Amino acid sequence: KDQPTWSVYPQGCIICNPQEIDFRLDYIFTTKDIKTHSYKVEDSKGSDHLPISVIVEL
């Protein structure tokens, strides 16, 4: 929950200060009948949004 889900690779962010970003854009939603076992924010250089993976039990 405390890990950023975005990056500023490769150019950086010339119009914003990443340290001041305090909201999230990327989420995984579940319902009460789906049990979440683990989640991870993956590393990626393909986008400024980092992939999020989750292991669930249906």
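Regarding residue 26, is this residue modelled with pLDDT of 85 or more and not hydrophobic (A, V, I, L, M, F, W, C)?
No: the conditions fail for residue 26.
Run down 41, 56 and say which single residue is surrounded by 11 or more Cβ atoms within 10 Å (Cβ to Cβ) and at pLDDT below 90. Matching residue, one of 41, 56: 41.
The values are calculated or read from the model by the stated rules, or taken from the named source; none is laboratory data. Only a predicted model underlies this, so the values are computations on that prediction, with no experimental measurement involved. Please note: Cβ atoms are built from the backbone with ideal geometry, for glycine as well, and neighbour counts cover all protein chains shown.
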